[in-house]
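K.L.:
Take a look at this one; I'll ask things after.
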Amino acid sequence: MLTFKLLTALLAPGVLSAALHPRQEADLDAFIKSESTLALKSILNNIGSDGSAVSGAGAGIVIASPSKSDPDYFYTWTRDAALTLKVLVDDFLAGETSLESTIQDYITAQAKLQAVSNPSGDLSDGEGLAEPKYQADATAFTEEWGRPQRDGPGLRATAMIGYGNQLIADKNEDLAKSNIWPSVKNDLNYVAQYWNQTGFDLWEEVEGSSFFTIAAQHRALVEGSAFAKALGETCEGCDSQAPQILCYLQTFWNGKSIVSNVANNGRTGLDANSVLASLVLFDPKAECDDATFQPCSARALSNHKEYVDSFRSIYGVNSDKKAGAAAAVGRYAEDTYMGGNPWYLTTSAAAEQLYDALYQWKQQKSLSITELSLPFFKDLESSAAVGDYASDSDTYTTLTAAVKKYADGFMSIVQKYAPEGGALAEQFTRDDGAPASAKDLTWSYAAFLTAAERRAGTVPPTWGASGSKVAETCEGSSAKGSYEAPGAVSW
């Protein structure tokens, strides 16, 4: 269960005063309170060995969904598991101390998984670290699949580092060094060595270069370098490759939006991939930096508009959703998987980016509109104009209230199409909003929970975005790493 402290935060007024009608706001607050409690419980239900929905899963193994047919998601994906654990680590840091044993079980399980030989390779040269998924009992999945997927190692390093930093703060540096650093070191070395090679995207469909993957890799190396230093270790590959990765990240920008995959796939490039990447890159202490695509940056806001608008005319559930009104969103407009529907997690993510932006503007005590971000703001407030607005100005108050209302609209869509009881599947159908595809998707719950927490002003620690440097010249470089099976983990 959520602690009283977290539940109170989730019901807080948010970054600003209520922007919806008071009755609507109260209804949404009540839904967020109940759904947040359910979301955390459902995440834990999907983690072995104590998870009630995933009998047979190993300790610390995060199962994507209890669904075993149509579709079969009863596996653990390195990416999904890492994103989920990042949520639990952040909640632990916010005071949910009961989650610590689950976090430790995950770290123990990942140390073992890193050494499992699989169709992507093994640990001797690091190739096996990019294997996308494993069986529930932590053995290799040997059937054909879209592999390698190179986002997993970076995301896993980020999840572990979050907990490791807290161990260091609590004077438990020895535990961080013995139980976390060996696994993190492997993942960081993998990123530094293989970041500039192609692979499959987070949706496991496109082979090429993925914005989401590159973003996750950059962040991992930046915070990995700091983590290494805190432990008296070094990560030369982190320091040499992070600026190169950030340099490459800029090439996905087309002047108006992010082209989410560099691949010949016939799509526009507008994809939830980009919004999810902005969430990964969110740093509560960063300014509205375009280079790291911070949620409040002109680039991220322009991309948000283009991405959301791409779904307005293709879903029946959006028939009355004109520009400026929140809309149900999916992965990408051309999607046909399981009917090509809106997803709960992407709709929550669209809200979360805006809550992140509101937090950043509040910290900076100002908001800027550029020619690039102007269309985003004009959809929400017709009088919006290019300029800099201090937080004590009427314009700032009007604009941020409009953004808050817009963000809440996405959460209200999740509320509308969540079935009675609040169980979140993977998708809801594009014409009538009925739950579809895998039931009780772990990622759906994780995405809702983080959006709710950002709405309440609860944010994760900084990862060092402000210190990120873009290399002056992009090079297809690499830093060859060494790999070693982590030793036995004991807490």
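K.L.:
Hey, what did region 363-491 get for relative contact order, percent, Cα under 8 Å, at least 6 apart?
P.N.:
12
K.L.:
With the other protein chains left in place, how much accessible area per residue, in square angstrom, belongs to the chain at a 1.4 angstrom probe?
P.N.:
37
K.L.:
Tally up the carbon and sulfur contribution to the accessible surface of the chain as a whole percent, 1.4 Å probe, everything protein left in place.
P.N.:
49
K.L.:
Compute the angle between helix 394-417 and the longest alpha-carbon principal axis of the chain, please, reported from 0 to 90 degrees and rounded to the nearest 10.
P.N.:
On a 0 to 90 degree scale, this one is about 70.
K.L.:
Over 10 Å intervals from 0, what percent of Cα-Cα pairs in region 73-167 sits in each interval?
P.N.:
Pair shares across the bins are 16, 49, 27, 8, 0.
K.L.:
Convert each backbone phi in region 95-105 into a coupling constant with the Karplus relation 6.51 cos²θ - 1.76 cosθ + 1.60 (shift: θ = phi - 60°), then list the ³J(HN,Hα) values in order as whole Hz, x for Gly and Pro.
P.N.:
x, 7, 5, 5, 7, 4, 5, 5, 4, 5, 4
K.L.:
Next question, about the same structure. For region 83-166, what's the relative contact order in percent, using C-alpha pairs closer than 8 Å and at least 6 residues apart?
P.N.:
Worked out over region 83-166, it gives 29 percent.
K.L.:
According to the square roots a ≥ b ≥ c of the eigenvalues of the Cα gyration tensor, what is the shape class of region 115-255, taking rounded for a/c under 1.5, prolate for a/b larger than b/c otherwise, and oblate for the remainder?
P.N.:
oblate
K.L.:
Taking a label point 7 Å from the Cα of T251 along the Cα→Cβ vector, which residues of region 179-202 have an amide N closer than 17 Å to it?
P.N.:
Backbone N within reach: 192-201.
K.L.:
At 0.36 nm per residue, and after removing the present C-alpha to C-alpha distance, how many nm does the segment from N172 to E233 gain when stretched out fully?
P.N.:
Net length gain for the segment: 20.4 nm.
K.L.:
Roughly how many Å is it from the Cα centre of region 156-220 to that of region 428-491, as a whole number?
P.N.:
Result: 10 Å between the Cα centres.
K.L.:
First select every other residue whose beta carbon is under 11 angstrom from the beta carbon of W361; then total the charges, Lys and Arg +1, Asp and Glu -1.
P.N.:
+1
K.L.:
Among the lysines, which fall within straight-line cross-link reach of K177, defined as a Cα-Cα distance under 20 Å, with same-chain neighbours fewer than 8 residues apart omitted?
P.N.:
Straight-distance partners of K177: K86, K112, K185, K229.
K.L.:
Using the beta-carbon distance between D394 and S117 and R0 = 56 Å, what value does 1/(1 + (r/R0)^6) give for FRET efficiency, to the nearest 0.05?
P.N.:
Efficiency, from the Cβ-Cβ distance: 0.35.
K.L.:
Something else about it: Mind grabbing the accessible area of T142 for me, 1.4 Å probe, Å², rounded to tens?
P.N.:
Per-residue accessible area (T142): approximately 110 Å².
K.L.:
Given N residues in the chain, what is its alpha carbon radius of gyration divided by 2.2 N^0.38 Å?
P.N.:
Against the compact-globule rule of thumb, the ratio is 0.91.
K.L.:
Still on this structure, I have one more. Given +1 on the Cβ of Lys and Arg, -1 on the Cβ of Asp and Glu, and no further charges, what dipole in debye does region 67-134 carry about its Cα centre, rounded to the nearest 20?
P.N.:
That gives region 67-134 a dipole magnitude of about 80 debye.
K.L.:
If you bin the C-alpha pair distances of region 290-439 every 10 Å from 0, what whole percents do you get?
P.N.:
Result returned by the calculation: 11, 41, 30, 15, 3.
K.L.:
Please work out, to two decimal places, the log10 of the ratio I(q)/I(0) at q = 0.11, 0.16 Å⁻¹ from a Debye calculation in which every Cα of region 221-338 carries one identical scatterer.
P.N.:
At q = 0.11, 0.16 Å⁻¹ the computed log10 ratios are -0.47, -0.84.
K.L.:
Could you give the nm distance between label points at E420 and Q363, where each point is 7 Å from its Cα heading toward the beta carbon?
P.N.:
4.3
K.L.:
Oh, and also: Can you tell me the FRET efficiency between T142 and M338 if r is taken as the Cβ-Cβ distance and R0 is 25 Å, rounded to the nearest 0.05?
P.N.:
E between T142 and M338, to the nearest 0.05, is 0.55.
K.L.:
For T97 and K378, calculate 0.36 nm times their separation in residues minus their Cα-Cα distance, and state this gained length in nm to one decimal.
P.N.:
Between T97 and K378, full extension yields 96.8 nm more.
K.L.:
Using the Karplus equation 6.51 cos²θ - 1.76 cosθ + 1.60 (θ = phi - 60°), what ³J(HN,Hα) coupling, rounded to whole Hz, does each residue of region 83-92 give in order, writing x for Gly and Pro?
P.N.:
Working through the residues one at a time gives 4, 5, 5, 4, 5, 5, 5, 4, 5, 4 Hz.
K.L.:
Counting Lys and Arg as +1 and Asp and Glu as -1, what is the net charge of the other residues whose Cβ lies under 11 Å from the Cβ of A479?
P.N.:
Taking every other residue near A479 into account, the sum is -1.
K.L.:
What angle do you read, to the nearest 10 degrees and between 0 and 90, between the alpha-carbon axis of helix 272-281 and the longest principal axis of the chain?
P.N.:
70
K.L.:
Determine ³J(HN,Hα), in whole Hz, for all residues of region 457-471 in sequence, where each value follows from phi through the Karplus function 6.51 cos²θ - 1.76 cosθ + 1.60 and θ = phi - 60°; x replaces Gly and Pro.
P.N.:
My calculation for region 457-471 gives x, 8, 10, x, x, 5, 10, x, 4, 5, x, 5, 10, 8, 4 Hz in order.
K.L.:
Output the relative contact order of region 347-401, whole-number percent, from Cα pairs under 8 angstrom with separation of 6+ residues.
P.N.:
Relative contact order here is 33 percent.
The values are calculated or read from the model by the stated rules, or taken from the named source; none is laboratory data. What you see is a predicted model; the values in this text were computed from it and never measured. A quick note on method: Cβ atoms are made from the backbone with ideal geometry, for glycine too, and the neighbour counts reach across all protein chains shown. The protein model used for the area step is the full one, side chains on, heavy atoms only, and it has no ligands, DNA or RNA in it. Shrake-Rupley method; radii C 1.70, N 1.55, O 1.52, S 1.80 Å.
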